[in-house]
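Have a look at the structure below, then the notes.
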Amino acid sequence: MKPRYLVLAIAYLAAFAAPSLAGAQEQRPPVSQCQAIAQTIPKVTFASFSGAPPLMPAVSEGEDVKLTFLGHSTFAIETPGGIVIATDYNGWYRPATMPDVVTMNKAHSTHFTLAPDPAIKHVLHGWSDVPDEKANVNLVVGDAYIRNVTTDIRFSYGLGGSHENGNSIFIFEIAGLCIGHLGHLHYELTDTHYTEIGRLDVVMVPVDGGLTMGADSMSRVIKRLRSSLILPMHRRGPPVEAFVSMFGKDFDVANAPDDSITVSMRTLPKKPLIYVMKGVQ
């Protein structure tokens, strides 16, 4: 074939191939905005997620997200689009309206239920029932994008040993905010964990002082995450002050008059704030 005809043939094939390539690009899984800052770190392998949806939720950074402490480690998260999410859902602490999504962890029965209301559309387990597999959550519901990062947990009741990937840190990307719930965190996070998590503007942190981690260990995790808004939860035994005392002048502390806070990208505290809601104090 002469060179001129070879060039025309290649151009002809490329013209028909282009739509297919464009279609493939449109089906790429969503990219976490909270992980974007971590993608520049070299020598890191990101966890893969199965069943990734083709579209990202619409984002409006001027819209508010409401977080309400319901009890223990359960928060209700209400998105600008009206999606309601309940964290560490055990069926005892319930939002005022039926949640669209509930997340669970398996360390104790106070963090999950195997008999959730059938009307709940999305029940997300932070553990996998398949041995040696991680729970992989990558879900878009309305204007919320939900994913997880797994961590190990100790076996309950002093049995010794640990359960690999038995806990999930759930991350909710809503209205430009990166909101994280640490679940029943038993071990300090590794560099890989921090990379998989990425940025967290708001973090819900257990402050029981020992059932999860001691105050010193937990404070190191929070300092490393550098979140703008820290919401204590899961207080059992030690007062919240035992946790708060681990932080210096770089953090503000406030006791909330009620059990809710409304936050957006534009209203995030400029200085990290430990905000102790009513019911946790």
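Conditions (1) in contact with a helix residue (DSSP H, G or I) (Cβ under 7 Å, 6 or more places away or on another chain); (2) of a type in the set (Gly, Ala, Ser), marked per residue:
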residue: Asn90; (1), (2): yes, no
residue: Ala96; (1), (2): no, yes
residue: Asp117; (1), (2): no, no
residue: Val123; (1), (2): no, no
residue: Ser128; (1), (2): no, yes
residue: Arg147; (1), (2): no, no
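Here the condition is being part of a loop (DSSP other than H, G, I, E, B), open to solvent by 30 Å² or more (accessible area, probe 1.4 Å) and in contact with a Pro (Cβ under 9 Å, 6 or more places away or on another chain); of Gly81, Gly91, it holds for Gly81 alone. Among the conditions (1) of a type in the set (D, E, K, R); (2) at pLDDT 95 or above; (3) within 22 Å of Ala76 (Cβ to Cβ), the only one that Arg236 does not satisfy is (2). Checking the stated criteria, Val263 turns out not to satisfy the condition of being within 20 Å of Ile153 (Cβ to Cβ) and among the β-branched types (Val, Ile, Thr). A single member of Lys270, Lys278 is charged (D, E, K, R) and within 28 Å of Gln35 (Cβ to Cβ), and it is Lys270.
Here's the yes/no breakdown for (1) surrounded by fewer than 16 Cβ atoms within 10 Å (Cβ to Cβ); (2) under 20 Å from the mean Cα position of the chain (by Cα):
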position	(1), (2)
Leu225	no, yes
Met233	no, yes
Ser245	yes, no
Lys249	yes, no
Val280	no, no
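Only one entry of Glu188, Glu196 meets the criterion of being of a type outside the set (Lys, Arg), assigned to a helix (DSSP H, G or I), more than 20 Å from Val276 (Cβ to Cβ) and at pLDDT 85 or above, and that entry is Glu196. Among residues of the range 121-141 that are closer than 13 Å to Ile171 by Cα and open to solvent by 70 Å² or more (accessible area, probe 1.4 Å), those with a beta-carbon under 7 Å from a residue that is among the aromatic types (Phe, Trp, Tyr) and part of a loop (DSSP other than H, G, I, E, B) at least six positions away or on a different chain give the pairs Asn136/Phe49. In the range 77-101, the residues that are touching a residue at least 60 places away in the same chain (Cβ under 8 Å) form no Cβ pair under 6 Å with any partner that is basic (Lys, Arg) and outside any loop (DSSP other than H, G, I, E, B), whether six or more places apart or across chains. The residues of the range 105-124 that are at pLDDT 90 or above and under 20 Å from the mean Cα position of the chain (by Cα), listed by number, are Ile120, Lys121, His122, Val123, Leu124.
The values are calculated or read from the model by the stated rules, or taken from the named source; none is laboratory data. Owing to the predicted nature of the structure, the values given are computational and were not obtained by experimental measurement. Methodologically, a virtual Cβ is constructed for each residue, glycine included, from the backbone with ideal geometry; neighbour enumeration extends over all protein chains shown. For accessibility, only protein heavy atoms count, side chains too; no ligands or nucleic acids. Shrake-Rupley method; radii C 1.70, N 1.55, O 1.52, S 1.80 Å.
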